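Undergrad: Handing you a structure now.
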Amino acid sequence: MEDVWSVAGRVGAVWLALVLGLIVLPSALGVSLGISEAYMWVLVKTLEWATIRIEKGVKKPQPQMLKTPAANGIIERDETPMEKEIARLHRVDFEFSDIFYFCRKGFEAIVEDEVTQRFSSEELVSWNLLTRTNVNFHYISLRLTVVWVVGVIVRYCLLLPLRFTLAAIGIISMIVGTTMVGQLPNSSVKNYLSEVVHLTCSRILVRALSGTIHYHNKENKPQKGGICVANHTSPIDAIILTNDGCYAMVGQVHGGLMGVIQRATVKACPHVWFERSEIKDRHLVTKRLREHVADKSKLPILIFPEGTCINNTSVMMFKKGSFEIGGTIYPVAIKYDPQFGDAFWNSSKYNIVSYLLRIMTSWAIVCNVWYMPPMVRKEGEDAVQFANRVRSAIARQGGLTELPWDGGLKRAKVKDTFKEEQQKNYSKMLVRNGSIGSLSTGTESD
(Lines give C-alpha, C1' and ligand atoms only; values in the text may rest on other atoms or scores of the structure.)
Protein backbone atom coordinates (compact mmCIF):
# COMPACT_ATOMS: atom_id res chain seq x y z
CA MET A 1 0.00 0.00 0.00
CA GLU A 2 2.85 2.37 0.81
CA ASP A 3 4.32 1.75 -2.64
CA VAL A 4 0.99 2.68 -4.25
CA TRP A 5 0.79 5.91 -2.27
CA SER A 6 4.42 6.64 -3.09
CA VAL A 7 3.84 6.21 -6.82
CA ALA A 8 0.67 8.29 -6.65
CA GLY A 9 2.58 11.02 -4.83
CA ARG A 10 5.31 11.05 -7.45
CA VAL A 11 2.80 11.16 -10.29
CA GLY A 12 0.97 14.02 -8.58
CA ALA A 13 4.20 15.92 -8.06
CA VAL A 14 5.21 15.51 -11.71
CA TRP A 15 1.73 16.51 -12.83
CA LEU A 16 1.77 19.64 -10.67
CA ALA A 17 5.28 20.56 -11.79
CA LEU A 18 4.29 20.30 -15.46
CA VAL A 19 1.16 22.38 -14.91
CA LEU A 20 3.07 25.07 -13.01
CA GLY A 21 6.00 25.16 -15.42
CA LEU A 22 4.20 24.90 -18.75
CA ILE A 23 0.91 26.72 -18.06
CA VAL A 24 0.69 28.66 -14.77
CA LEU A 25 4.05 30.45 -14.91
CA PRO A 26 3.77 31.51 -18.59
CA SER A 27 0.17 32.68 -18.08
CA ALA A 28 1.15 34.67 -14.99
CA LEU A 29 3.87 36.40 -17.03
CA GLY A 30 1.49 37.01 -19.93
CA VAL A 31 3.43 34.87 -22.42
CA SER A 32 2.51 31.82 -24.44
CA LEU A 33 4.58 28.73 -25.26
CA GLY A 34 2.39 27.95 -28.27
CA ILE A 35 0.58 25.02 -26.61
CA SER A 36 -2.84 26.69 -26.81
CA GLU A 37 -2.29 27.68 -30.43
CA ALA A 38 -1.29 24.13 -31.38
CA TYR A 39 -4.31 22.71 -29.53
CA MET A 40 -6.69 25.10 -31.31
CA TRP A 41 -5.15 24.26 -34.70
CA VAL A 42 -5.71 20.53 -34.15
CA LEU A 43 -9.23 21.21 -32.85
CA VAL A 44 -10.22 23.36 -35.83
CA LYS A 45 -8.91 20.77 -38.31
CA THR A 46 -10.79 18.00 -36.48
CA LEU A 47 -14.07 19.90 -36.50
CA GLU A 48 -13.63 20.78 -40.18
CA TRP A 49 -13.11 17.09 -40.95
CA ALA A 50 -16.18 16.18 -38.90
CA THR A 51 -18.28 18.75 -40.78
CA ILE A 52 -17.19 17.32 -44.13
CA ARG A 53 -18.02 13.78 -42.97
CA ILE A 54 -21.48 14.91 -41.85
CA GLU A 55 -22.18 16.61 -45.18
CA LYS A 56 -21.05 13.53 -47.10
CA GLY A 57 -22.98 11.18 -44.84
CA VAL A 58 -26.33 12.87 -45.28
CA LYS A 59 -27.96 11.57 -48.44
CA LYS A 60 -30.51 14.37 -48.72
CA PRO A 61 -29.20 17.52 -47.08
CA GLN A 62 -31.92 19.53 -45.40
CA PRO A 63 -31.88 23.28 -46.09
CA GLN A 64 -32.31 24.07 -42.39
CA MET A 65 -29.00 22.33 -41.61
CA LEU A 66 -27.17 25.06 -43.50
CA LYS A 67 -28.83 27.96 -41.72
CA THR A 68 -26.82 30.25 -39.57
CA PRO A 69 -27.12 30.06 -35.79
CA ALA A 70 -29.26 33.21 -35.89
CA ALA A 71 -31.98 31.12 -37.55
CA ASN A 72 -32.32 29.19 -34.32
CA GLY A 73 -35.94 28.18 -34.68
CA ILE A 74 -38.37 25.41 -35.46
CA ILE A 75 -40.73 27.41 -37.69
CA GLU A 76 -40.17 29.54 -40.77
CA ARG A 77 -41.51 33.04 -40.20
CA ASP A 78 -43.02 35.50 -42.60
CA GLU A 79 -41.24 38.77 -41.88
CA THR A 80 -43.90 40.97 -43.51
CA PRO A 81 -44.33 44.07 -41.30
CA MET A 82 -47.66 44.45 -39.52
CA GLU A 83 -48.10 47.93 -41.02
CA LYS A 84 -47.99 46.52 -44.55
CA GLU A 85 -50.59 43.87 -43.78
CA ILE A 86 -52.89 46.36 -42.09
CA ALA A 87 -52.55 48.69 -45.09
CA ARG A 88 -54.28 46.02 -47.18
CA LEU A 89 -57.34 46.36 -44.95
CA HIS A 90 -57.95 49.92 -46.17
CA ARG A 91 -60.95 49.03 -48.30
CA VAL A 92 -64.72 48.96 -47.91
CA ASP A 93 -65.34 45.24 -48.25
CA PHE A 94 -64.17 43.00 -45.44
CA GLU A 95 -62.87 39.57 -46.38
CA PHE A 96 -62.51 36.65 -44.00
CA SER A 97 -58.92 36.17 -45.14
CA ASP A 98 -58.03 39.53 -43.57
CA ILE A 99 -57.65 37.84 -40.20
CA PHE A 100 -55.24 35.15 -41.42
CA TYR A 101 -52.14 37.30 -40.92
CA PHE A 102 -52.95 37.96 -37.28
CA CYS A 103 -53.91 34.34 -36.66
CA ARG A 104 -50.56 33.24 -38.05
CA LYS A 105 -48.70 35.73 -35.88
CA GLY A 106 -50.59 34.44 -32.86
CA PHE A 107 -49.72 30.82 -33.63
CA GLU A 108 -46.06 31.75 -34.16
CA ALA A 109 -45.95 33.47 -30.77
CA ILE A 110 -47.48 30.42 -29.09
CA VAL A 111 -45.22 27.86 -30.79
CA GLU A 112 -42.00 29.88 -30.61
CA ASP A 113 -41.81 33.48 -29.49
CA GLU A 114 -38.70 35.60 -29.98
CA VAL A 115 -38.06 36.01 -26.24
CA THR A 116 -38.03 32.64 -24.47
CA GLN A 117 -35.83 31.04 -27.12
CA ARG A 118 -33.07 33.44 -25.99
CA PHE A 119 -32.99 31.59 -22.67
CA SER A 120 -31.87 28.28 -24.19
CA SER A 121 -28.70 27.26 -26.02
CA GLU A 122 -28.53 28.25 -29.67
CA GLU A 123 -28.53 25.68 -32.43
CA LEU A 124 -25.26 24.84 -34.17
CA VAL A 125 -24.70 24.86 -37.90
CA SER A 126 -22.72 21.64 -37.59
CA TRP A 127 -22.15 19.05 -34.88
CA ASN A 128 -19.11 19.99 -32.76
CA LEU A 129 -18.48 16.47 -31.37
CA LEU A 130 -19.84 17.57 -27.99
CA THR A 131 -23.62 17.23 -28.06
CA ARG A 132 -26.17 16.84 -30.82
CA THR A 133 -28.04 20.08 -30.24
CA ASN A 134 -29.70 19.92 -33.65
CA VAL A 135 -32.27 17.19 -34.29
CA ASN A 136 -31.02 16.82 -37.87
CA PHE A 137 -27.69 15.38 -36.73
CA HIS A 138 -27.66 11.64 -36.10
CA TYR A 139 -25.43 8.60 -36.61
CA ILE A 140 -23.34 9.14 -39.75
CA SER A 141 -20.43 6.69 -39.77
CA LEU A 142 -18.32 4.43 -37.59
CA ARG A 143 -15.25 6.59 -38.12
CA LEU A 144 -17.03 9.71 -36.85
CA THR A 145 -18.35 7.80 -33.83
CA VAL A 146 -14.83 6.59 -32.97
CA VAL A 147 -13.55 10.17 -33.13
CA TRP A 148 -16.38 11.24 -30.81
CA VAL A 149 -15.47 8.49 -28.31
CA VAL A 150 -11.81 9.52 -28.39
CA GLY A 151 -12.94 13.10 -27.82
CA VAL A 152 -14.93 12.07 -24.74
CA ILE A 153 -11.87 10.33 -23.31
CA VAL A 154 -9.65 13.35 -23.99
CA ARG A 155 -12.12 15.83 -22.51
CA TYR A 156 -12.95 13.90 -19.35
CA CYS A 157 -9.66 12.10 -18.65
CA LEU A 158 -7.14 14.78 -19.69
CA LEU A 159 -8.71 18.21 -20.09
CA LEU A 160 -11.04 18.02 -17.07
CA PRO A 161 -8.30 17.12 -14.53
CA LEU A 162 -5.99 19.72 -16.08
CA ARG A 163 -8.61 22.45 -15.98
CA PHE A 164 -9.68 21.55 -12.46
CA THR A 165 -6.06 21.83 -11.31
CA LEU A 166 -5.67 25.22 -12.99
CA ALA A 167 -8.97 26.47 -11.57
CA ALA A 168 -7.95 25.40 -8.06
CA ILE A 169 -4.58 27.15 -8.41
CA GLY A 170 -6.24 30.30 -9.75
CA ILE A 171 -8.91 30.48 -7.03
CA ILE A 172 -6.50 29.73 -4.18
CA SER A 173 -4.03 32.27 -5.53
CA MET A 174 -6.82 34.86 -5.77
CA ILE A 175 -7.93 34.30 -2.16
CA VAL A 176 -4.42 34.20 -0.68
CA GLY A 177 -3.07 37.04 -2.81
CA THR A 178 -5.91 39.50 -2.19
CA THR A 179 -5.98 38.66 1.51
CA MET A 180 -2.28 39.48 1.83
CA VAL A 181 -2.53 42.66 -0.24
CA GLY A 182 -5.57 43.69 1.78
CA GLN A 183 -3.45 43.92 4.91
CA LEU A 184 -1.41 46.78 3.43
CA PRO A 185 -2.38 50.40 4.10
CA ASN A 186 -4.18 52.26 1.33
CA SER A 187 -1.60 53.54 -1.12
CA SER A 188 -0.58 53.44 -4.76
CA VAL A 189 1.56 50.37 -3.98
CA LYS A 190 -1.46 48.50 -2.64
CA ASN A 191 -3.51 49.41 -5.72
CA TYR A 192 -0.70 48.26 -8.01
CA LEU A 193 -0.26 44.93 -6.22
CA SER A 194 -4.04 44.40 -6.19
CA GLU A 195 -4.19 44.87 -9.95
CA VAL A 196 -1.27 42.47 -10.45
CA VAL A 197 -2.96 39.77 -8.33
CA HIS A 198 -6.32 40.15 -10.08
CA LEU A 199 -4.79 40.18 -13.55
CA THR A 200 -2.50 37.21 -12.87
CA CYS A 201 -5.23 35.03 -11.35
CA SER A 202 -7.66 35.90 -14.14
CA ARG A 203 -5.11 34.77 -16.72
CA ILE A 204 -4.74 31.44 -14.92
CA LEU A 205 -8.53 31.01 -14.78
CA VAL A 206 -8.81 31.74 -18.50
CA ARG A 207 -6.27 28.97 -19.13
CA ALA A 208 -8.48 26.71 -17.01
CA LEU A 209 -11.18 27.26 -19.67
CA SER A 210 -8.76 26.80 -22.59
CA GLY A 211 -9.81 30.33 -23.44
CA THR A 212 -8.87 31.92 -26.73
CA ILE A 213 -9.90 35.56 -26.56
CA HIS A 214 -9.46 38.18 -29.24
CA TYR A 215 -9.55 41.77 -27.96
CA HIS A 216 -10.27 44.51 -30.48
CA ASN A 217 -9.84 48.31 -30.32
CA LYS A 218 -7.82 48.34 -27.12
CA GLU A 219 -7.46 52.10 -27.39
CA ASN A 220 -11.08 52.25 -26.14
CA LYS A 221 -10.47 50.25 -22.96
CA PRO A 222 -12.44 51.53 -19.94
CA GLN A 223 -10.61 54.13 -17.86
CA LYS A 224 -10.64 54.76 -14.12
CA GLY A 225 -13.71 56.59 -12.88
CA GLY A 226 -15.81 55.21 -15.74
CA ILE A 227 -18.51 52.56 -16.06
CA CYS A 228 -17.99 49.51 -18.27
CA VAL A 229 -21.23 47.93 -19.51
CA ALA A 230 -21.39 44.70 -21.52
CA ASN A 231 -23.88 42.12 -22.74
CA HIS A 232 -24.21 39.15 -20.39
CA THR A 233 -23.97 35.49 -21.39
CA SER A 234 -22.24 33.73 -18.53
CA PRO A 235 -20.59 34.20 -15.12
CA ILE A 236 -17.26 33.82 -16.93
CA ASP A 237 -17.87 37.16 -18.72
CA ALA A 238 -16.16 38.87 -15.81
CA ILE A 239 -13.10 36.60 -16.11
CA ILE A 240 -12.95 37.22 -19.85
CA LEU A 241 -12.79 40.97 -19.29
CA THR A 242 -10.47 40.97 -16.24
CA ASN A 243 -8.01 38.90 -18.27
CA ASP A 244 -7.21 42.13 -20.12
CA GLY A 245 -7.70 44.70 -17.37
CA CYS A 246 -8.92 45.25 -13.81
CA TYR A 247 -12.41 46.31 -12.82
CA ALA A 248 -14.41 46.97 -9.69
CA MET A 249 -17.19 44.39 -9.64
CA VAL A 250 -20.77 45.13 -8.65
CA GLY A 251 -23.00 42.38 -7.32
CA GLN A 252 -24.88 40.70 -4.54
CA VAL A 253 -23.16 39.11 -1.55
CA HIS A 254 -23.07 35.30 -1.83
CA GLY A 255 -22.30 32.46 0.51
CA GLY A 256 -20.06 29.43 0.10
CA LEU A 257 -16.93 29.57 -2.02
CA MET A 258 -18.16 32.63 -3.92
CA GLY A 259 -18.63 34.44 -0.61
CA VAL A 260 -15.08 33.58 0.48
CA ILE A 261 -13.73 35.02 -2.78
CA GLN A 262 -15.84 38.17 -2.41
CA ARG A 263 -14.72 38.82 1.15
CA ALA A 264 -11.06 38.32 0.18
CA THR A 265 -11.07 40.44 -2.98
CA VAL A 266 -12.94 43.39 -1.46
CA LYS A 267 -10.04 43.84 1.01
CA ALA A 268 -7.65 44.57 -1.83
CA CYS A 269 -9.94 46.17 -4.42
CA PRO A 270 -12.92 48.54 -4.08
CA HIS A 271 -15.55 46.10 -5.32
CA VAL A 272 -19.14 47.04 -4.55
CA TRP A 273 -20.98 44.12 -2.94
CA PHE A 274 -24.56 44.50 -1.75
CA GLU A 275 -26.64 42.57 0.74
CA ARG A 276 -29.90 41.15 -0.63
CA SER A 277 -31.92 43.75 1.31
CA GLU A 278 -29.84 46.58 -0.19
CA ILE A 279 -30.29 45.36 -3.75
CA LYS A 280 -34.01 46.10 -3.50
CA ASP A 281 -33.25 49.68 -2.43
CA ARG A 282 -32.44 51.21 -5.82
CA HIS A 283 -31.61 54.63 -4.35
CA LEU A 284 -29.03 53.17 -1.98
CA VAL A 285 -27.39 51.21 -4.81
CA THR A 286 -27.27 54.31 -7.01
CA LYS A 287 -25.74 56.36 -4.18
CA ARG A 288 -22.92 53.88 -3.59
CA LEU A 289 -22.14 53.64 -7.30
CA ARG A 290 -22.08 57.42 -7.67
CA GLU A 291 -19.63 57.67 -4.78
CA HIS A 292 -17.38 55.15 -6.52
CA VAL A 293 -17.53 56.91 -9.90
CA ALA A 294 -16.84 60.27 -8.30
CA ASP A 295 -13.38 59.03 -7.25
CA LYS A 296 -11.37 59.12 -10.48
CA SER A 297 -8.57 57.09 -8.89
CA LYS A 298 -10.76 54.00 -8.53
CA LEU A 299 -11.04 51.24 -11.10
CA PRO A 300 -13.88 51.37 -13.64
CA ILE A 301 -17.08 49.66 -12.52
CA LEU A 302 -18.11 46.55 -14.47
CA ILE A 303 -21.88 46.18 -14.88
CA PHE A 304 -24.07 43.82 -16.92
CA PRO A 305 -27.26 45.89 -17.36
CA GLU A 306 -29.39 43.01 -18.70
CA GLY A 307 -29.43 41.55 -15.21
CA THR A 308 -29.49 37.94 -16.43
CA CYS A 309 -27.69 35.62 -18.84
CA ILE A 310 -28.84 35.62 -22.49
CA ASN A 311 -27.71 32.98 -24.99
CA ASN A 312 -25.39 35.34 -26.91
CA THR A 313 -27.66 35.61 -29.93
CA SER A 314 -29.26 38.86 -28.79
CA VAL A 315 -29.12 41.80 -26.41
CA MET A 316 -32.21 42.40 -24.29
CA MET A 317 -33.41 45.44 -22.34
CA PHE A 318 -30.80 47.29 -20.29
CA LYS A 319 -31.88 48.28 -16.80
CA LYS A 320 -31.79 52.07 -16.55
CA GLY A 321 -30.15 52.17 -13.09
CA SER A 322 -26.63 51.89 -14.53
CA PHE A 323 -27.27 54.93 -16.72
CA GLU A 324 -28.65 57.18 -13.98
CA ILE A 325 -25.33 57.31 -12.15
CA GLY A 326 -23.66 59.77 -14.48
CA GLY A 327 -20.11 59.65 -15.75
CA THR A 328 -18.70 58.08 -18.88
CA ILE A 329 -20.02 54.78 -20.20
CA TYR A 330 -17.57 52.40 -21.91
CA PRO A 331 -19.59 49.85 -23.95
CA VAL A 332 -18.09 46.41 -24.52
CA ALA A 333 -19.49 43.74 -26.85
CA ILE A 334 -18.75 40.06 -26.12
CA LYS A 335 -19.45 37.39 -28.73
CA TYR A 336 -18.69 33.71 -28.07
CA ASP A 337 -18.13 31.07 -30.76
CA PRO A 338 -20.53 28.21 -29.86
CA GLN A 339 -18.72 25.82 -32.19
CA PHE A 340 -16.05 25.14 -29.55
CA GLY A 341 -18.24 25.24 -26.45
CA ASP A 342 -21.48 26.73 -25.22
CA ALA A 343 -20.67 29.52 -22.75
CA PHE A 344 -24.33 30.33 -22.02
CA TRP A 345 -25.51 29.59 -18.49
CA ASN A 346 -29.12 28.43 -18.45
CA SER A 347 -29.56 28.96 -14.71
CA SER A 348 -33.12 27.63 -14.79
CA LYS A 349 -31.81 24.28 -16.04
CA TYR A 350 -28.31 23.90 -14.56
CA ASN A 351 -26.91 24.88 -11.19
CA ILE A 352 -23.49 26.52 -11.05
CA VAL A 353 -21.65 23.22 -10.42
CA SER A 354 -23.28 21.49 -13.40
CA TYR A 355 -22.60 24.53 -15.55
CA LEU A 356 -18.91 24.64 -14.65
CA LEU A 357 -18.63 20.92 -15.37
CA ARG A 358 -20.11 21.49 -18.84
CA ILE A 359 -17.70 24.37 -19.44
CA MET A 360 -14.65 22.42 -18.29
CA THR A 361 -15.55 19.44 -20.49
CA SER A 362 -16.03 21.60 -23.60
CA TRP A 363 -13.34 21.85 -26.23
CA ALA A 364 -12.52 25.49 -25.52
CA ILE A 365 -14.01 28.91 -24.90
CA VAL A 366 -13.42 31.13 -27.91
CA CYS A 367 -14.74 34.68 -28.04
CA ASN A 368 -14.22 38.17 -29.41
CA VAL A 369 -14.30 41.27 -27.25
CA TRP A 370 -14.79 44.71 -28.78
CA TYR A 371 -13.97 47.83 -26.78
CA MET A 372 -16.14 50.62 -28.11
CA PRO A 373 -15.70 54.42 -27.97
CA PRO A 374 -16.89 55.98 -24.71
CA MET A 375 -20.43 57.35 -24.62
CA VAL A 376 -22.00 60.07 -22.47
CA ARG A 377 -25.59 61.05 -21.87
CA LYS A 378 -26.79 63.71 -24.30
CA GLU A 379 -28.59 66.85 -23.27
CA GLY A 380 -32.32 66.18 -22.93
CA GLU A 381 -31.79 62.40 -23.04
CA ASP A 382 -33.26 60.40 -20.17
CA ALA A 383 -31.72 57.25 -18.67
CA VAL A 384 -33.93 54.87 -20.68
CA GLN A 385 -33.05 56.51 -24.00
CA PHE A 386 -29.36 56.49 -23.10
CA ALA A 387 -29.54 52.80 -22.14
CA ASN A 388 -31.25 51.96 -25.44
CA ARG A 389 -28.61 53.87 -27.41
CA VAL A 390 -25.78 52.00 -25.70
CA ARG A 391 -27.58 48.67 -26.17
CA SER A 392 -28.01 49.34 -29.90
CA ALA A 393 -24.30 50.09 -30.27
CA ILE A 394 -23.31 46.85 -28.51
CA ALA A 395 -25.78 44.82 -30.60
CA ARG A 396 -24.44 46.24 -33.88
CA GLN A 397 -20.81 45.66 -32.95
CA GLY A 398 -21.34 42.10 -31.71
CA GLY A 399 -23.67 41.07 -34.53
CA LEU A 400 -26.46 40.41 -32.02
CA THR A 401 -30.21 40.82 -32.33
CA GLU A 402 -31.59 43.76 -30.39
CA LEU A 403 -34.73 43.00 -28.39
CA PRO A 404 -36.73 45.46 -26.25
CA TRP A 405 -37.90 42.77 -23.82
CA ASP A 406 -36.85 42.49 -20.18
CA GLY A 407 -34.50 39.60 -19.41
CA GLY A 408 -36.51 39.11 -16.22
CA LEU A 409 -39.07 37.27 -18.37
CA LYS A 410 -36.82 34.23 -17.91
CA ARG A 411 -38.52 33.69 -14.54
CA ALA A 412 -41.48 36.08 -14.54
CA LYS A 413 -44.67 36.52 -16.54
CA VAL A 414 -45.13 39.31 -19.06
CA LYS A 415 -46.28 42.50 -17.37
CA ASP A 416 -49.72 43.81 -18.25
CA THR A 417 -48.13 47.11 -19.29
CA PHE A 418 -46.19 45.29 -22.05
CA LYS A 419 -49.40 43.72 -23.36
CA GLU A 420 -51.23 47.04 -23.27
CA GLU A 421 -48.38 48.73 -25.15
CA GLN A 422 -48.61 46.19 -27.99
CA GLN A 423 -52.40 46.59 -28.10
CA LYS A 424 -52.05 50.37 -28.32
CA ASN A 425 -49.54 50.10 -31.18
CA TYR A 426 -51.91 47.76 -33.01
CA SER A 427 -54.85 50.14 -32.51
CA LYS A 428 -52.84 53.15 -33.69
CA MET A 429 -51.94 51.35 -36.92
CA LEU A 430 -55.57 50.41 -37.54
CA VAL A 431 -56.74 53.99 -37.00
CA ARG A 432 -53.91 55.45 -39.10
CA ASN A 433 -54.79 53.19 -42.03
CA GLY A 434 -58.53 53.87 -41.71
CA SER A 435 -59.32 50.20 -41.24
CA ILE A 436 -61.58 50.72 -38.24
CA GLY A 437 -63.64 53.35 -40.04
CA SER A 438 -63.95 51.16 -43.13
CA LEU A 439 -65.07 48.16 -41.14
CA SER A 440 -67.61 50.23 -39.21
CA THR A 441 -69.08 51.63 -42.45
CA GLY A 442 -69.31 48.18 -43.93
CA THR A 443 -71.10 46.84 -40.85
CA GLU A 444 -73.63 49.69 -40.80
CA SER A 445 -74.36 49.14 -44.49
CA ASP A 446 -75.16 45.53 -43.83
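Undergrad: List the relative contact order of region 189-261 as a percent without decimals, with contacts defined as Cα pairs under 8 Å and 6+ residues apart.
TA: 51 percent
Undergrad: Starting from a Cα-only point model with no solvent, please compute log10 I(q)/I(0) by Debye for region 189-234 at q = 0.19, 0.34 1/Å.
TA: The Cα Debye sum returns log10 ratios of -0.95, -1.05.
Undergrad: For L16 and H254, FRET efficiency with R0 = 30 Å and r from the beta-carbon atoms, rounded to 0.05?
TA: Approximately 0.55, to the nearest 0.05.
Undergrad: Okay, which of region 326-368 sit inside 16 Å, backbone N to the point 7 Å along the Cα-Cβ direction of K378?
TA: Under 16 Å, as judged by backbone N against the label point of K378, lie 329 of region 326-368.
Undergrad: Grab the eigenvalues of the alpha-carbon gyration tensor for region 238-394, scale each by 5, take roots, and send me the semi-axes largest first in whole angstrom.
TA: They are 26, 21, 15 Å, listed largest first.
Undergrad: Which of the trypsin sites (Lys or Arg not before Pro) found in region 316-367 are loop residues per DSSP with 13 or fewer other Cβ atoms within 10 Å of their Cβ?
TA: Sites meeting the loop and neighbour criteria: K349.
Undergrad: Roughly how many nanometres apart are two label points built 7 Å out from the Cα toward the Cβ at D244 and V44?
TA: For D244 paired with V44, the spin-label model returns 1.8 nm.
Undergrad: FRET efficiency for E55 and A168, Cβ-Cβ distance as r, R0 = 35 Å, nearest 0.05?
TA: 0.30
Undergrad: Give the accessible surface of region 187-259 per residue, rounded to a whole number of Å², with probe radius 1.4 Å and ligands, DNA and RNA excluded.
TA: The answer is 38 Å² per residue.
Undergrad: For a 26 Å ceiling on Cα separation, which of these pairs sit above it: K56/K349; K319/K378; K45/K349; K221/K319; K45/K335; K221/K378?
TA: With Cα atoms farther than 26 Å apart: K56/K349; K45/K349.
Undergrad: Please compute the contact order of region 267-413 in relative form: average sequence separation of alpha-carbon pairs under 8 Å and at least six residues apart, divided by the residue count, as a percent.
TA: 31 percent
Undergrad: While we're here: Give the accessible area for V376 in Å² (nearest 10); use a 1.4 Å probe, count only protein heavy atoms, and leave out ligands, DNA and RNA.
TA: Only protein atoms counted, so the area is about 80 Å².
Undergrad: Let me ask something else. Grab the beta carbon distance between Q223 and V31, set R0 = 41 Å, and tell me the FRET efficiency rounded to 0.05.
TA: Rounded to the nearest 0.05, the efficiency is 0.95.
Undergrad: A further question follows. Pop out the carbon and sulfur fraction of the accessible area of region 291-417 as a percent, whole number, probe 1.4 Å.
TA: Ligands and nucleic acids excluded, carbon and sulfur give 55 percent.
The values are calculated or read from the model by the stated rules, or taken from the named source; none is laboratory data. Keep in mind that this is a model prediction, so the values were computed, not measured. Quick reminder, even Gly has a Cβ in these numbers, built from the backbone with ideal geometry, and neighbours come from all protein chains shown. All accessible areas refer to the heavy atoms of the entire protein, side chains included, with ligands and DNA or RNA removed. Shrake-Rupley method; radii C 1.70, N 1.55, O 1.52, S 1.80 Å.
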